[in-house]
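Just below is one structure, and these are the notes that go with it.
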Amino acid sequence: MEQPNDPQQQPQPELAKGYEHREVEARWYKRWKERGYFHGDEHDRSRPAFSIVLPPPNVTGSLHLGHALTATLQDILIRWKRLSGFNTMWLPGTDHAGIATQMVVEKELKRTEKKSRHDLGREEFLKRVWAWKEQYGSRIGQQHEALGACLDWERERFTMDEGLSRAVREVFVRLHEEGLIYREKKLINWCTDCRTALSDLEVEHEEGHAGELWSFAYPLVTPIGGLTEIVVATTRPETMLGDTAIAVHPDDARYTALVGRKVRHPLTGREIPVVADAILVDAAFGTGAVKVTPAHDFNDFEVGRRHGLEFLTVIGFDGKMTAAAGPVAGLDRFEARAEVKRLLAEQGLERGSKPNPMALGRCQRSQTILEPLLSDQWYVKIAPLAQPAIEAVEQGRTRFVPEQWTNTYMAWMRNIHDWCISRQLWWGHQIPAWYCPDGHVTVARETPGACSTCGTATLRQDEDVLDTWFSSGLWPFSTMGWPDRTETLRTFYPTSVMETGHDIIFFWVARMMMMGIHFMGEVPFKTVYLHPMVRDSKGQKMSKTKGNVIDPLLVTEKHGADALRFTLAALTAQGRDIKLADERIEGYRAFANKLWNASRFALMNLEGHLDAGGDPRLAARTPADLWILARLQRAVNETVEALEAFRFNDAANTVYHFVWHELCDWYIELSKEALYGDDAGKKAAAQAVLVHCLKSSYLLLHPFMPFITEELWGVLRARVGAAAWPDSIMEGRYPAVGPVDEAAEQAFTPILGIIDALRNIRGEMGIAFKVALGQATPVHVAVADPATHALLLAGESRRVARLTNVENLQLHLAVATPRVPQSAVGVGNGFEVRVPLAGVIDVGAETARIDKELARVDADLEGIEKKLSNPNFVARAPAEVVEKDRARAEELRSTRQKLTNHRAVMQGSDQPQEEQTMETNNPNANQAPTPSQPVGERVEQAAAAVVEAARDAVHAVQAQASELERKAGPAIAQARKDVKQAVAKARKGVKSAVAKARKAVKKATRKGGTKVAKKGAARKAVKKVAKKAATRAKAVKKAVKKVVRKAKKK
RNA sequence: GGGCGGAUAGCUCAGGGGUAGAGCGGCGCCUUUACAAGGCGCGGGUCGCAGGUUCGAAACCUGCUCCGCCCACCA
């Protein structure tokens, strides 16, 4: 199978019996790539461009299902657009992921060589990271290939490429020149574990941490007016070593006299001023006095600036207390906390404590509790960049899908703080700033020869690197060759869609917006589609620590890339996370198989067919052909509409439904009449329609399932003659949206209804027409509409017969079928079917079936009549709604009448009703031996068990409910909850007991090899009791509700 | 503290002012010559709770409960 697209070498068109994804998927990717299908042509502006930049995965490791989702959705868009005539370009790459990668390599280094990065030194360590990057970067590529992602590999980039590094330096220098990058000493979030500063975004807030609000007293240096101390409360006692003020509210009468006075630090003896600050202090909280630690708390830092306080650092970058911490110097910050409390208690200054749930800031990477520390860092002044990014969205130049994310984006953008971009790491873009011995800073694109201020030649480059997101923020244009003005940029910037997870909307999307607008003068993408998060089948977030991370490669191997892709797409609804379950993938693998076999069917029935490339509708003759073509058009329209709105699930489901349930379940079965028949014209038409539907299905499905569709395309193309088909499906054209032939759809609907009605009787009666009736007994079909009657006469009745296995079908142009005693009747809109079943059917069973149907009709009718008898409805509802309901009521009444008549005929029959005709006449029953005694006993036993279990469940509900009724008075809320739970539990209990017993009954019955009446009896008993249980549970619940409501009113 | 989602069949979810749906699972029948990874049929629902708007609410509004997520410097 080297050249399946070459008709010369094409082997037998017969396909393997089942679809083998491994064999097929392995074959195509390389060929696509070689033929250059993935490459976007920057010189081609004759076609509209459609471009996406792939969110670059971290080089830290391999792809997970989130990446698979990203790749799948983007590939769907790209392939769809390519088939729709766009010049598509999808740019791949990877991110160096500063902290993450450095940590992984450090860990590895420690594990294998027991060395730290400092043991190796910067240069050697970076070599190791590069080696790591080479290894994992290529694995990521393989994973994308396995998924079938048609990435433009010629344009692959890495955030630390030479080109991208140049862009980074360019951006840094320009922003610095514009005064939008500055260096300053202020409080930052410091991770004592990663030993670096972090941006606000890298802080994870842990809610509800069990903290303690601990109070102690600061003694006044000079007691005043009977006051000897000020009591303050803190969640971090160890920071009191760095206190340089006590703050009170200026309007707080209790402390007015103290403002300007001093307290003595109990552990260091320092004198500390009391200041008045209206911003920091809430007089009503605690004692109304706050200790101020400007060097270790963000609020206090501001107070320190406002009041010109001393900034005393008592915690170091290693998380240990500094020398300034006096008695606790050298201790870890948490040890120091205990020690400080002990020391203060010793001095009798402890003033109590209380539990205080609080939010803790942790490092996104290491989960270490962060420490606000004072240090020199580089910042991006963000407000001037944020404003245009806000306006771009306000003006709709970039829109978010789903829309709700607009608010999230806006809220964040409007409250944005300056961005700390320096990191104390080695892996990353080193900051292009140099210092001379005098401390002057030179910022330059290339290593400068001398200090720009004083001319000194001895320069030392800043050792820090930039935040990873600084370089990824440039991704949409840095990857296209910026700062050069390339053709690629001209053709493909702005990109069409940014497709990524909503978890990085701030980290990445917002920054790309700011940078793109600032440096390109244009938004980086027109649409931001934010996909849901992928979770495991239990809804848990996938994480390495939980061990529930799934490697997409394993899934691809097991079920096929097409199945995985389709599953992901089918589950991608807007606004809800994806819970991935294996069974679901299994189901879509079956779908691939279905498509395969439909194609196999076609291949087996294309004898004499030549696709001249003409419109199959011209050749189509039968109503079934026209019907499926109309359905196809409808599916095409819906699919395209869904894709345009990024409703991936709707698009996938539409195609799925069309292919499986319309093309396969209906049309293929219908077409057999023509394909197997003698009418050459009809046969040719059916062949053409079948080929057209399959070809269209391949194209519709190709974005979702690229491999199997390409394979089948090639096979079918070879079979029908290659003239009208491009060599590869990737060169095909996506089916075009167009008007649906509704007349064709409607004309055929009665035929489908007749088949349904007959199948319904067949199923309900548990008989096979062919066997039960044979040639002798006619099945009657009456249609009132002459057009439909003509259709049936013209040959459609043979399709009906084929699909229902009826041998003798008798047509009547009439409202009703002839009244045949002991027959089953089915009625629908404009038709009636009647199956004579004398000697076959159990009259009771048919009566029961009719009753069931009557009940359904009655219920519908009752509802609708009630509505129509309401004068308000008739007066105020739109006329068309009323009219529709009237018509439906009429239809229901007619159906009802027919069924009632039929029932009367049934009942009035003088045939003996209890005659066991089924036993004697049913062919299955012929082989059935009379049940032996033991089997019958077992069945009975099983049935009894069911009844008992169900009864028990009912009793349990009742007992619980009465207990709850008593409780309802005093504890309404709880009682209600309990009732709900009890009822639910009981119902479940009944259900499972019944299910279990049913199985037992079934097993026992099967062993006897018979279908004795006892089985039916047992089952009836089960149903009865189960129903009773449910009913009683409901009744009880209602009663309780009433009680509760009454109690509530009081 | 602020914000955003979600609650619909046993499970996973779609829908959305006018007849409550799909897939999976369950039950029954069918080894029919594309496919048993299949076909046909059946059963299964106080659409979270309470109010309101409306001729009509599962849908819209208000409040509540529970479950997720995001943002936030209150000692």
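Give me the extension gain from A:Glu184 to A:Asp678: residue separation times 0.36 nm, minus the current Cα-Cα distance, reported in nm with one decimal.
Fully extending the segment from A:Glu184 to A:Asp678 adds 168.9 nm.
I need the shape label for segment A:316-370. Rule: rounded when a/c is under 1.5, else prolate if a/b > b/c, else oblate, with a, b, c from the alpha carbon gyration tensor.
Cα axes put segment A:316-370 in the oblate bin.
Hey, what do the phi angles of segment A:555-568 turn into as Karplus ³J(HN,Hα) couplings, whole Hz, using 6.51/-1.76/1.60 and θ = phi - 60°, x for Gly and Pro?
With coefficients 6.51, -1.76 and 1.60, one gets 5, 4, 4, 6, 10, x, 5, 4, 5, 5, 4, 5, 4, 4 Hz.
Compute the distance in nm between two label points, each set 7 Å from the Cα along the Cα-to-Cβ direction, one at A:Ser366 and one at A:Arg485.
About 4.7 nm separates the two model spin labels.
Using alpha carbon centroids, what distance separates segment A:261-284 and segment A:125-197, in Å?
46 Å
When you count, for each residue, the other Cβ atoms within 10 Å and take the mean per peptide, how do A:576-584, A:290-298 rank with the highest first?
Descending packing order for the listed peptides: A:290-298, A:576-584.
Using θ = phi - 60° and the Karplus curve 6.51 cos²θ - 1.76 cosθ + 1.60, what whole-Hz ³J(HN,Hα) does each residue of segment A:675-689 get, with Gly and Pro shown as x?
Values, residue by residue: 5, 8, x, 9, 6, 4, x, 5, 5, 4, 5, 4, 4, 5, 5 Hz.
Among rounded, prolate and oblate, which fits segment A:58-186 when a ≥ b ≥ c are the square roots of the eigenvalues of its C-alpha gyration tensor, a/c under 1.5 means rounded, and a/b larger than b/c means prolate?
oblate
Enumerate the aspartates and glutamates that A:Lys81 could reach by cross-link, defined here as Cα to Cα under 14 Å, with residues fewer than 8 away along the same chain left out.
Leaving aside aspartates and glutamates fewer than 8 places away in the same chain, those within reach of A:Lys81 are A:Glu641, A:Glu644, A:Glu731.
What FRET efficiency do you get for A:Glu607 and A:Arg798 if R0 is 22 Å and r is their Cβ-Cβ distance, rounded to the nearest 0.05?
0.60
Given axes a ≥ b ≥ c from the Cα gyration tensor, I'd like to know whether segment A:629-738 is rounded (a/c under 1.5), prolate (a/b larger than b/c) or oblate.
Here segment A:629-738 falls in the oblate category.
Mark the label point 7 Å from the Cα of A:Arg819 along Cα→Cβ and return the residues of segment A:758-795 whose backbone N is within less than 12 Å of it.
Under 12 Å, as judged by backbone N against the label point of A:Arg819, lies no residue of segment A:758-795.
Taking the simple approach of a point 7 Å from Cα along Cα-to-Cβ for both A:Arg414 and A:Ala210, what is their distance in nm?
3.9 nm
Quick one: Cα convex hull volume of segment A:281-374, Å³ per residue?
It is 139 Å³ per residue.
So, by mean Cβ neighbours within 10 angstrom, what's the order for A:367-374, A:132-139, A:702-709 with the highest one leading?
Descending packing order for the listed peptides: A:702-709, A:367-374, A:132-139.
Stretch A:Asp785-A:Phe873 to full length: gain in nm at 0.36 nm per residue minus the Cα-Cα span?
Taking 0.36 nm per residue and subtracting the Cα distance, the gain is 28.5 nm.
First measure r as the distance between the Cβ atoms of A:Ala855 and A:Glu764, then evaluate 1/(1 + (r/R0)^6) with R0 = 22 Å and state the FRET efficiency to the nearest 0.05.
So the FRET efficiency works out to roughly 0.95.
What is the extension gain from A:Thr458 to A:Ser62, computed as 0.36 nm multiplied by their sequence separation minus the C-alpha to C-alpha distance, in nm to one decimal?
The A:Thr458-A:Ser62 span can extend by a further 138.2 nm.
Mind listing the Cα extents of segment A:439-508 along all three principal axes, in Å, largest one first?
For segment A:439-508, the Cα spread along each principal axis is 49, 32, 14 Å.
Please list, in chain and number order, the residues 5+ apart from A:Phe400 or on another chain whose amide H is under 5 Å from its amide H, with Hs placed from the backbone.
Amide H neighbours of A:Phe400: A:Val528.
Tally Lys and Arg at +1 and Asp and Glu at -1 over the other residues with C-beta under 13 Å from the C-beta of A:Met413: what net charge comes out?
Charge balance in the 13 Å sphere: 0.
Hey, can you rank A:102-114, A:495-507 by average C-beta count inside 10 Å, highest first?
A:495-507, A:102-114
With θ set to phi - 60° and the Karplus curve 6.51 cos²θ - 1.76 cosθ + 1.60, what are the ³J(HN,Hα) couplings of segment A:289-302 in order, to the nearest whole Hz, using x for Gly and Pro?
So the Karplus estimates, Gly and Pro as x, are 10, 10, 6, 10, 10, x, 8, 9, 8, 5, 5, 5, 4, 5 Hz.
Go through A:Lys672/A:Lys695; A:Lys594/A:Lys683; A:Lys381/A:Lys541; A:Lys30/A:Lys594 and tell me which ones have a Cα-Cα distance over 28 Å in this structure.
A:Lys381/A:Lys541
Do any of A:Lys866/A:Lys898; A:Lys110/A:Lys185; A:Lys17/A:Lys770 go past 25 Å between their Cα atoms, and which?
Check vs 25 Å cut-off fails for A:Lys110/A:Lys185; A:Lys17/A:Lys770.
Before anything else, pin down the relative contact order of segment A:165-267: Cα pairs under 8 Å, at least 6 apart, normalised by residue count, whole percent.
20 percent
Each reported figure results from applying straightforward, stated rules to the coordinates on display, with no laboratory input. If you're wondering where the values come from, they're calculated on a predicted model, not measured in any experiment. Virtual Cβ from ideal backbone geometry, glycine too; neighbours counted across all protein chains shown.
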